[in-house]
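Read-outs throughout are calculated quantities, based only on the coordinates presented, and are distinct from any laboratory measurement. A quick note: this is a predicted structure, and the numbers were derived from the prediction, not measured.
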Amino acid sequence: MKSHDKFIDKLGIPFVLLSDEEGDVLTQYGVFKEKSLFGKTALGIIRSTFVIGPDGTLLKIYRKPKPEGHAEEILSFLKSVK
């Protein structure tokens, strides 16, 4: 995707970004749901983090994480499962 390429170049990201253009993964992980915002309901993505191990096993799910401190929380979890 061109938007990913620009983002990668701008931030110097050293890894591949994935995209779910058809929404298949959103559906499989159950994160595309009805949401309420300012009294109106609409379909949208529920913010979630899935930690997947090297063998493909789902290790942990964070539902509706708060951005502040979330990266540190994930790093702490990863260190605990080594």
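Before moving on, here are some points about what is shown:
- Cα-Cα over 30 Å, subset of Lys35/Lys82; Lys2/Lys33; Lys35/Lys79: Lys35/Lys82; Lys35/Lys79
- In the chain, helices alone account for a calculated mean residue ellipticity at 222 nm of -9000 deg cm²/dmol, with every DSSP H run of four or more residues adding -39,500 (n - 2.57).
- Label selected from (1) 155; (2) 104; (3) 131, the criterion being volume of the Cα convex hull per residue in Å³ as computed here: (1)
- One decimal place: the segment Glu73-Asp20 gains 16.5 nm when fully extended, by the rule 0.36 nm per residue minus the C-alpha distance.
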